[in-house]
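Presented below is the structure to which this report refers.
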Amino acid sequence: MTGRVAPPSDEGIAEAVELLRAESVVAFPTETVYGLGADAFSVKAVSEIYRLKNRPFWNPLIVHVATEAAARDLSAFWPENAEKMAAAFWPGPLTLVVRRAAHLTQVGADNDTIALRIPAHDVALRLLSASGLPLAAPSANRSESISPTTAEHVLRSLPDVPLVLDGGPSSWGIESTVLDLTTDVPTLLRPGALGLRALREVTGAIALRDAETADGAARPSPGMSRRHYAPRATLILTEDVREVEVEGSVGVLTYEGTGVPGAEILSADPREYAADLYAALHRLDDAGVATILVQEPPRTEEWLAIRDRLGRAAAK
């Protein structure tokens with residue numbers, strides 16, 4: 001089977017809903033990256049996500065819903081912080097980890113938690129509303145590879161996906177922030193599109209995880225593997241791309257103000273950089289380079305999510 005791209009018309013949404021209700025999968029746009037969606041209540045459909053992505057089963061999935069009420073229905077307990085964060089940031093690029101409802105056994109982490117969010121994208125919300133289903137939806141790409149920010153990226157990575165709804169380029173271009181609300185102090189599990197400063201204004205203190213989660217070990221959130229978001233080319237993260245010597249064809253990725261001729265130059269604003277990062281890595285991969293040299297971004301909190309993605313992409 002070869003997948004195809006469809007516009008998010010009423011007909012396209014209806015076709016996607018038919019596939020989802022038949023326990024198949026559909027790729028759809030969100031404001032962060034494109035997701036590979038399946039009925040969260042269907043073992044068959046959720047298993048198809050793992051098969052297509054070649055994703056290890058110990059890596060849990062985020063479940064997308066249309067309303068806060070739907071999120072509450074999937075949780076065993078909806079803490080006060082969840083209510084505050086949902087009011088402040090949903091729909092949006094924030095995933096909340098809470099205790100999982102007993103009736104939901106198909107998705108979630110081994111520690112009885114579930115990761116939930118409401119995406120801020122019209123096509124995603126229309127699909128969720130029309131299907132009436134909570135959709136388990138990781139990024140629509142092969143496991144460990146670069147996340148997709150366009151419909152074309154999806155089909156290149158997952159040509160067997162039956163249908164891709166094309167909602168244009170993802171505006172944030174980087175995955176959601178994941179916050180664990182089952183701990184005494186809310187804990188950042190994955191830095192993402194939504195920055196820590198904005199979160200602290202609502203919750204106060206936020207704890208950071210002290211250690212890496214070993215591959216194969218139970219985890220409450222995706223995005224915690226040592227290697228992730230990686231291009232086919234070898235990615236080298238370095239303070240000065242001009243001082244690294246490698247054999248073979250080389251692509252260079254920097255940001256404004258670094259003055260490197262011939263490089264892919266992204267914005268020096270972290271939000272704008274994030275929106276273009278995966279697309280730039282896709283372009284360099286498509287050019288067939290053997291190595292991608294990436295100028296290290298600033299070591300500030302605003303660049304935390306970007307440094308996280310690049311560090312995992314560079315992991316051996």
Checklist entry - What single numbered condition from (1) in contact (Cβ under 8 Å) with a residue 60 or more places away in the chain; (2) crowded, with 19+ Cβ neighbours inside 10 Å fails to hold for residue 79? => result (2)
Next on the checklist: Tell me whether the range 39-49 contains one or more residues that are among the polar types (S, T, N, Q), at pLDDT below 95 and in contact with an Asp or Glu (Cβ under 8 Å, 6 or more places away or on another chain).
Outcome noted: yes
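Please go through the range 46-57 and give me each residue that is assigned to a helix (DSSP H, G or I) and surrounded by fewer than 16 Cβ atoms within 10 Å (Cβ to Cβ), ordered by number. Outline the logic, then answer.
The first filter runs over the range 46-57 and keeps only residues assigned to a helix (DSSP H, G or I), leaving 46-53.
Within the range 46-57, 47, 51 qualify.
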Item to check | Extreme residue, modelled with the highest pLDDT, among residues of the range 244-259 that are over 24 Å from the mean Cα position of the chain (by Cα) and closer than 24 Å to residue 175 by Cβ | outcome: 251
Next on the checklist: One residue is enough: does the range 91-98 have a residue meeting the conditions touching a Phe, Trp or Tyr at 6+ places or on another chain (Cβ under 6 Å), assigned to a helix (DSSP H, G or I), at pLDDT 95 or above and within 27 Å of residue 15 (Cα to Cα)?
Outcome noted: no
Next on the checklist: Return the residues of the range 20-45 that are surrounded by fewer than 24 Cβ atoms within 10 Å (Cβ to Cβ) and under 13 Å from the mean Cα position of the chain (by Cα); say none if nothing qualifies.
Outcome noted: 31
Checklist entry - Of the residues 15, 31, which single one is of a type in the set (Asp, Glu), closer than 19 Å to residue 178 by Cα and in the same structural domain as residue 165 (by TED's automatic domain parsing)? => result 31
Next on the checklist: Quick test for you: out of 307, 232, 312, pick the one residue that is at pLDDT 90 or above, in contact with a Phe, Trp or Tyr (Cβ under 8 Å, 6 or more places away or on another chain) and basic (Lys, Arg).
Outcome noted: 312
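Are any of the residues in the range 260-267 within 26 Å of residue 31 (Cα to Cα), within 16 Å of the chain's Cα centre (by Cα) and not acidic (Asp, Glu)? Walk me through it before giving the result.
To start, the set of residues in the range 260-267 that are within 26 Å of residue 31 (Cα to Cα) comprises 264-267.
Within this subset, residues satisfying the condition of being within 16 Å of the chain's Cα centre (by Cα) are none.
Checked against the condition, which is being within 26 Å of residue 31 (Cα to Cα), within 16 Å of the chain's Cα centre (by Cα) and not acidic (Asp, Glu), the range 260-267 yields no hits at all.
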Checklist entry - If you check residue 83 against the conditions, is it among the charged types (D, E, K, R), under 22 Å from residue 120 (Cβ atoms) and outside any loop (DSSP other than H, G, I, E, B)? => result yes
Checklist entry - If you scan the range 154-198, which residues turn out to be small (Gly, Ala, Ser) and touching a residue at least 40 places away in the same chain (Cβ under 8 Å)? => result 167, 168, 170, 171, 173, 176, 192, 193, 195, 198
Checklist entry - Among 131, 145, 157, which is the only one that is touching a Leu at 6+ places or on another chain (Cβ under 9 Å) and either on the phi > 0 side of the Ramachandran plot or surrounded by 20 or more Cβ atoms within 10 Å (Cβ to Cβ) (or both)? => result 131
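The values are calculated or read from the model by the stated rules, or taken from the named source; none is laboratory data. Because the structure is a prediction, the values reported are computed rather than measured. Positions of Cβ are backbone-derived with ideal geometry, glycine not excepted, and every protein chain shown enters the neighbour counts.
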